[in-house]
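The values are calculated or read from the model by the stated rules, or taken from the named source; none is laboratory data. Being a predicted model, the structure only gives us computed values, none of them experimental. Reconstructed Cβ throughout: ideal geometry from the backbone, glycine too, with neighbour counts over all protein chains shown.
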């Protein structure tokens, strides 16, 4: 079950590094710093995005690495269920 505060991993289509989504662009309207850009990533589904600015590049890299590792496993498990 998904609420407006959660995203099922099975719904995630991809992960984007940086602040390239429409929400990030609208939210910061050119006021984002390079530091903020490189610490950011978005979790994308067919219907929404979850945009995150991590406290450091290392934390961003860890989240992106873990999510991109888990997502294919989730797809595989969903397909075989």
Q) Looking at (1) surrounded by fewer than 14 Cβ atoms within 10 Å (Cβ to Cβ); (2) within 21 Å of residue 73 (Cα to Cα); (3) modelled with pLDDT under 90, which is the one condition that is false for residue 30? A) (2)
Q) Of the residues that make up the range 36-46, is at least one surrounded by 15 or more Cβ atoms within 10 Å (Cβ to Cβ) and modelled with pLDDT under 85? A) no
Q.
If a residue must be more than 18 Å from residue 69 (Cβ to Cβ) and surrounded by fewer than 16 Cβ atoms within 10 Å (Cβ to Cβ), how many such residues does the range 3-19 contain?
A. 5
Q. Using beta carbons and a limit of 7 Å, which pairs, at least six apart or on different chains, have the first residue in the range 53-81 and at pLDDT 95 or above and the second one in a helix (DSSP H, G or I) and surrounded by 12 or more Cβ atoms within 10 Å (Cβ to Cβ)?
A. 54/60; 54/63; 57/38
